[in-house]
Amino acid sequence: MRQHKWTRGLNRRKRALYISSPIGLGHAQRDLAIAKELKKLEPDLEIDWLAQDPVTRVLEAEGETIHPASEWLASESAHIASEATGHDLHCFQALRRMDEILVANFMIFQEVMEEGLYDVSLGDEAWDIDHFWHENPELKRGDHVWMTDFVGFLPMPSGGSHEEYLTADYNAEMIEHIARYPRIRDLALFVGSPDDIVPEVFGPGLPKIRDWTEEHFQFTGYITGFEPPTDDELASWRSQLGYREDEKVCVVTVGGSGVGRDLLEKVIAAYPLAKRSMPELRMVVVAGPRIDPAGLPAHDGLEYHGYVHGLYRHLAACDLAIVQGGLTTTMELAATRTPFLYFPLRNHFEQNYHVRHRLDRYRAGRYMDYEVTDPEAIGAEIISRAGAPVDYLEVETDGATNAAAMIADII
Amino acid sequence: MRASYPDHVGTVEREGVRLGYEVFGEGDRTLLLLPTWTIIHSRFWKLQVPYLARHFRVVTYDAPGNGQSDRSVDPEIYSLDAQASYAIDIMDATSTAEATLVSLSMGSMWSLSVAAEYPDRVLGQVFIGPSLPITPPTAVRAESAEAFWLEHDDPQGWDKYNAHYWQTNYEDFAEFFFTMCFPEPHSTKQREDCVGWALETMPEVLVAKASVDAVNHETVLDWCSRVTSPVLVIHGDDDRLSPLSRARQLAEATGGSLVIVEGGGHIPLARDPIVVNRMIKDFASRIAVRQDELA
């Protein structure tokens, strides 16, 4: 017997579909924090996730509900990894070349929304939804919340005038979309503050990014997705992790993708140089699952790990972190007030402009240009910064609460 | 990275020419996505394949001259009869008894001729931006076509559609041609993709293709009169390559229906993929329902 069920409108619980970008793990963490706050405000709200690896791993660990259509999604993170070579990721072009993945995934999302079961879609840098609903406004279903931590594609110098033209053209299309169909984004959230916005224009003849963003977004403040540890917690983490008080621990991490071997090699080459002036130096290298440490040099006081559980505790408790320029990790370090050096990936406009601008505002971290920095320079930075005091601005702790309140308002 | 990779790839050979094909998904409802002018290859379906393959079995292939197929400069292999045979060869090689054919631009001629000559193999046809001599070309294109084999000094506009210009300034021609294909604002990626695919073949191939006798108006009308299965025509009203009148006439002559993309250019499947994907899927789903009813 075929059986079907239809639920009367007033008998239905409120439901949200959360789409969390899988490019970088940071979205998952902040989206979980927002979802938790949202459930406090709307206890009856059911949240399903349309998500892909590696976001699903985080969600599954938290017992969240993953929509079965998720298994059809084409992998955005694998695409981005495939676009990286050495310490280089041209992320604007990588996003452009992701066009077929975005269409494929939008079609899946649209089918899910057309079942009519969701009151709202929450898209954290879900580029496909935002773009294609503006292109096909008749397809919009339910309310839509758009979230991002940067606004505006910016050209890298290596792309010359053609890239200036392309980024301006993409920005212009986005501005036209919003002007023509303000009804597509029921709520647009900027994860951060107006001061985090770069002092640039969208392109020749286009508005200033900050002016336009202030007009079209609400600001949540930064969302780390965790409570920064107290001094007591830090001390206890440090002893649990076996980091002694009389040693200077430098944690080097390059994320989970294969991108980063070049940076690791350069930093490791700096180790013996720094160790000479700082005998108490200990370097902990987290190579990630895709980099085999077997081919990397061995030194006394230098250790390699493929994976460490609770990496954030290592980053919080160490004396110096050396990382790439991704927003999540660097802002985590800003929040835990850890001294750090960060090396944005070459040609990555978001890391080189948007993230760097934000970190400068927080006075957090030391920007390093991978291209021109040699092991001697890294060694000198290690010596001067490991364990040194920092004067970072406090990172907000109420971002997720703010975002949830704004979302709850429209649900 | 591609959004989806084929479940099966293969080649067929006809008179020494090798053609590459790809099969996505499974089942007994097949969409055959035909090649178009060999200046681009089957990757032009990249925004359709992942979606359609979740609902149907999808077969794509490259005509001679580009993609995974041989770059022959023998005009014979580009003849209309040969092109129709390739479609049937690919269907045979992929065990596709019958299929819904989807074509772009010049592919419309191959689709129509297959539907006319092998009606039992074709369940329906979707034509996107059909370019075929069912009504005259635009005046500017007709004029440049007359001088196709003549050498111009510093040709501009459609005069670049010229055998000599192709062989001396191929990339510039491709830039011009795909700018004409995508008059919609903000089409940089679509143009770039097409120019990139154009550079995967060479002008000698296009010249060989252009040497083949053109199909005439009467033949096209004859094919149309023999079409027995459903037809959907999708056409931009800002198509600078093939006038909208052709789509109207094709829909009328085949008893099909026409969807006009207002503001759309010649390749809406790339510039407005979402709406085109949904139209193809709806059309093919209705055919599947009809098949079930007949079964």
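The values are calculated or read from the model by the stated rules, or taken from the named source; none is laboratory data. This is a predicted model, so every value here is computed, not measured. No Cβ is skipped: glycine too gets one built from the backbone with ideal geometry, and neighbour counts run over all protein chains shown.
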Answer yes if at least one residue in segment B:218-240 is surrounded by fewer than 17 Cβ atoms within 10 Å (Cβ to Cβ) and of a type in the set (A, V, I, L, M, F, W, C), and no otherwise.
yes
Expected output for segment A:94-112 (first residue in the same structural domain as A:GLU163 (by TED's automatic domain parsing) and β-branched (Val, Ile, Thr), partner modelled with pLDDT under 95 and surrounded by 23 or more Cβ atoms within 10 Å (Cβ to Cβ), Cβ below 6 Å, 6+ apart or cross-chain) is A:ILE101/A:GLU76
Among what's in segment B:1-24 and is hydrophobic (A, V, I, L, M, F, W, C) and in contact with a Ser or Thr (Cβ under 6 Å, 6 or more places away or on another chain), pick the residue that is farthest from B:ASP89 (Cα to Cα).
B:MET1
Among residues of segment A:14-73, those that are of a type in the set (Lys, Arg) and in contact with a strand residue (DSSP E or B) (Cβ under 6 Å, 6 or more places away or on another chain), counted
1
Looking at segment A:306-318 only, could you name the residues that are in contact (Cβ under 8 Å) with a residue 60 or more places away in the chain and either in the same structural domain as A:ASP88 (by TED's automatic domain parsing) or in contact with a Pro (Cβ under 7 Å, 6 or more places away or on another chain) (or both)?
A:ALA316
Does A:TYR243 fit the bill of being surrounded by fewer than 19 Cβ atoms within 10 Å (Cβ to Cβ) and in contact with a strand residue (DSSP E or B) (Cβ under 6 Å, 6 or more places away or on another chain)?
yes
Exactly one of A:VAL355, A:VAL390, A:VAL372, A:VAL395 is under 30 Å from A:TYR18 (Cα atoms) and not in a helix (DSSP H, G or I), and that residue is A:VAL395
For segment B:13-30, the count of residues that are more than 28 Å from B:ALA174 (Cβ to Cβ) and not in a loop (DSSP other than H, G, I, E, B) equals 3
Can you find a residue in segment A:26-46 that is within 21 Å of A:LEU327 (Cβ to Cβ), outside any helix (DSSP H, G or I) and in contact with a helix residue (DSSP H, G or I) (Cβ under 9 Å, 6 or more places away or on another chain)?
no
How about segment A:172-192: which of its residues are touching a residue at least 60 places away in the same chain (Cβ under 8 Å) and either under 18 Å from A:GLY399 (Cα atoms) or crowded, with 20+ Cβ neighbours inside 10 Å (or both)?
A:LEU187, A:LEU189, A:VAL191, A:GLY192
The conditions are (1) within 14 Å of chain A (Cβ to nearest Cβ); (2) in a helix (DSSP H, G or I), and B:GLU184 fails exactly one of them. Which is it?
(2)
Failed condition for B:ASN66, given (1) touching a strand residue (DSSP E or B) at 6+ places or on another chain (Cβ under 9 Å); (2) buried (at least 23 other Cβ atoms within 10 Å of the Cβ), with all others met?
(1)
Subset tally (residues that are surrounded by 20 or more Cβ atoms within 10 Å (Cβ to Cβ) and out of contact with any His (no Cβ under 6 Å at 6 or more places or on another chain)) for segment B:244-261
7
Let me confirm something: among B:VAL12, B:VAL59, which residue is surrounded by fewer than 24 Cβ atoms within 10 Å (Cβ to Cβ), touching a residue at least 24 places away in the same chain (Cβ under 8 Å) and touching an Asp or Glu at 6+ places or on another chain (Cβ under 8 Å)?
B:VAL12
Scan of segment A:221-237 for residues that are touching a residue at least 60 places away in the same chain (Cβ under 8 Å) and farther than 20 Å from A:ASP195 by Cα, ordered by number
A:GLY225, A:PHE226, A:GLU227, A:PRO228, A:PRO229, A:LEU234, A:TRP237
Could you tell me which residue of segment B:127-149 is nearest to B:ASP222 (Cα to Cα), considering only residues that are in contact with a Pro (Cβ under 8 Å, 6 or more places away or on another chain) and β-branched (Val, Ile, Thr)?
B:THR135
Every listed condition ((1) among the charged types (D, E, K, R); (2) over 24 Å from B:SER79 (Cβ atoms); (3) away from chain A (no Cβ under 14 Å); (4) surrounded by 15 or more Cβ atoms within 10 Å (Cβ to Cβ)) holds for B:ARG271 save (3)
May I ask you to verify whether A:ALA188 is assigned to a helix (DSSP H, G or I) and small (Gly, Ala, Ser)?
no
Against the condition more than 23 Å from B:ILE134 (Cα to Cα) and within 14 Å of chain A (Cβ to nearest Cβ), how does B:VAL195 come out, does it pass?
yes
For segment A:311-321, state whether one or more residues are touching a Gly at 6+ places or on another chain (Cβ under 6 Å), in a helix (DSSP H, G or I) and under 23 Å from A:LEU393 (Cβ atoms).
no
Looking at (1) within 13 Å of chain A (Cβ to nearest Cβ); (2) surrounded by fewer than 20 Cβ atoms within 10 Å (Cβ to Cβ), which is the one condition that is false for B:ILE280?
(2)
The residue from B:PHE24, B:PHE44 that alone is under 22 Å from B:GLU200 (Cβ atoms), within 14 Å of chain A (Cβ to nearest Cβ) and touching a Cys at 6+ places or on another chain (Cβ under 9 Å) is B:PHE44
List the helices (runs of 4 or more DSSP H) that sit entirely inside segment A:68-176 and contain at least 3 residues that are facing chain B (nearest Cβ under 9 Å).
A:76-83, A:99-114
I'd like to know if segment A:277-290 contains one or more residues that are part of a helix (DSSP H, G or I) and either within 17 Å of A:ARG385 (Cα to Cα) or modelled with pLDDT of 95 or more (or both).
yes
For segment B:113-170, which positions are assigned to a helix (DSSP H, G or I) and either touching a Ser or Thr at 6+ places or on another chain (Cβ under 7 Å) or of a type in the set (Gly, Ala, Ser) (or both)?
B:SER113, B:ALA115, B:ALA116, B:PRO119, B:ALA139, B:ALA142, B:SER144, B:ALA145, B:GLY157, B:TRP158, B:ASP159, B:ALA163
Residue hits (segment A:58-94; within 16 Å of the chain's Cα centre (by Cα) and surrounded by fewer than 18 Cβ atoms within 10 Å (Cβ to Cβ)) are A:ALA78
Residue hits (segment A:1-26; of a type in the set (Gly, Ala, Ser) and within 27 Å of A:PRO54 (Cα to Cα)) are A:ALA16, A:SER20, A:SER21, A:GLY24, A:GLY26
It is to be established whether one or more residues within segment A:159-171 are within 26 Å of A:VAL112 (Cβ to Cβ) and either at pLDDT below 95 or buried (at least 21 other Cβ atoms within 10 Å of the Cβ) (or both).
no
For segment B:161-188, how many residues meet the condition of being farther than 30 Å from A:ASP99 by Cα and touching a residue at least 12 places away in the same chain (Cβ under 8 Å)?
5
